[in-house]
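Please read the structure below before turning to the comments.
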Amino acid sequence: MPAPDFSVILKTSFPMPDRAYLRPIDPELVPGARNAIDVCLRLKPQERITIITDTATREIAAALQREVERVGSNYSLFVLEHHARRPLAHMPEIILDDLALSQVSIFAAQTQPGELTARTQMTSVVNNHKIRHGHMVNINREIMLEGMRADFLKVDELSQRLVERARQVNRITCKTPHGTEFEAELSPKLKWLKTSGIIRKDKWGNLPGGEIFTSPQNTNGIFVVDGVVGDYLCERFGDLKDNPLTIEVENNRIVDLRSKNKDLRDEFGTYTSTDENSNRVGEFAIGTNTACTHIIGHILQDEKIPGVHIAFGHPYAEHTGANWFSRTHIDCVGRDFDIWFNGEQVMKRGKFLV
């Protein structure tokens, strides 16, 4: 498909895909975009891809679009604001219908409060049609220049070694110098998954990739969030190093929240009170993207930093085998972890020993 010479802004009511092309493409975005298309998604000329973006992310979407055109694949591109009012109550049907026609897809857009349902509708189509889907929520230029430039083949090798060991243990403990002392009890009935950035049709993944995760059978302890929290709270509160959130968990539920930042404490408490399982630990994960070396204040990349992160809410039951559900999901990232698998140390101060 030849590159157009100009951008066409379509009205919301016009029921067709959009064009996000910007000329010239920022050359600094090209390596990350090419990594996404060639390495992570392995797009082939005979395949079709759907790109979903928003007005804030069109520059990155344009770089991705250019790489799709280089490969020669057929594609559709949708700018969310051209098809529905934000925050999205539901994913527009035109997008879901188009997505079902594709073998590959990308969601590169910023989060807004209350949009998890819309994104879940999108990933349901992805799951049902076994689409290789790259989830680039809150992607920005900094992430394109750092985490998206990782050697994802090496990240995949590390992730595979780690997930094979994790599947053999029933207890993982972790500590940090900042006060985290946390233990997860694991069940063989709950699957470990690898989302290393090499995306396959059986499990969509975030980009940049680099983590292994499961839904724990039980967790207990103190988890100090001195990295970032997820969803739309991430943009508001950023790096929490100077004002961490301390979460006390008993039997997989939040029993206490403490922070000098009262707004953070209260908003996190409200978020994790949305439904009956919003305060339940749904995810226990270990970041494996060694290109991510420092907190930047964005959950998409920061949760991939080598170390532990947990999430409260939806346990990705469709993949882990958990038998419960939540309408919310919020990640929590700390710093400088020591990690033990059944008492054997596998990480010291954020560096893998495996």
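Okay, here's what the table says:
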read-out	value
Filter result for Phe223 (in a strand (DSSP E or B), open to solvent by less than 20 Å² (accessible area, probe 1.4 Å) and in contact with an Asp or Glu (Cβ under 7 Å, 6 or more places away or on another chain))	no
Number of the exception - Ala36 against (1) over 22 Å from Ser196 (Cβ atoms); (2) touching a Leu at 6+ places or on another chain (Cβ under 8 Å)	(1)
Qualifying residue in segment 134-147 (condition: acidic (Asp, Glu) and either in contact with a Leu (Cβ under 8 Å, 6 or more places away or on another chain) or over 16 Å from Val39 (Cα atoms) (or both))	yes
Count of segment 260-283 residues which are open to solvent by 20 Å² or more (accessible area, probe 1.4 Å) and more than 22 Å from Ser215 (Cα to Cα)	8
Breaking point among (1) of a type in the set (A, V, I, L, M); (2) farther than 18 Å from Ile143 by Cα; (3) touching a strand residue (DSSP E or B) at 6+ places or on another chain (Cβ under 7 Å); (4) at pLDDT 95 or above, for Ala61	(2)
Qualifying residue in segment 193-205 (condition: open to solvent by less than 50 Å² (accessible area, probe 1.4 Å), aliphatic (A, V, I, L, M) and more than 16 Å from the chain's Cα centre (by Cα))	no
Residue list for segment 173-192, filter: touching a Phe, Trp or Tyr at 6+ places or on another chain (Cβ under 6 Å) and either buried (at least 20 other Cβ atoms within 10 Å of the Cβ) or assigned to a loop (DSSP other than H, G, I, E, B) (or both)	Cys174, Thr176, Thr180, Phe182, Ala184
Residue under evaluation Arg161, criteria (1) modelled with pLDDT under 95; (2) of a type in the set (Lys, Arg); (3) open to solvent by 30 Å² or more (accessible area, probe 1.4 Å), criterion not met	(1)
Criterion violated by Gly238 - all others in (1) among the small types (Gly, Ala, Ser); (2) under 27 Å from His319 (Cβ atoms); (3) in contact (Cβ under 8 Å) with a residue 12 or more places away in the chain satisfied	(2)
Positions within segment 293-307 being surrounded by fewer than 24 Cβ atoms within 10 Å (Cβ to Cβ) and in contact with a Pro (Cβ under 9 Å, 6 or more places away or on another chain), in sequence order	Thr293
Answer from Ala285, Ala311, Ala322 - the residue that is over 23 Å from Pro177 (Cα atoms), of a type in the set (A, V, I, L, M) and modelled with pLDDT of 95 or more	Ala322
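The values are calculated or read from the model by the stated rules, or taken from the named source; none is laboratory data. As the structure is a computational prediction, the values presented were derived from the model and not from experiment. Reconstructed Cβ throughout: ideal geometry from the backbone, glycine too, with neighbour counts over all protein chains shown. Side chains are part of the model used for accessible areas, which takes the heavy atoms of the whole protein and leaves out ligands, DNA and RNA. Shrake-Rupley method; radii C 1.70, N 1.55, O 1.52, S 1.80 Å.
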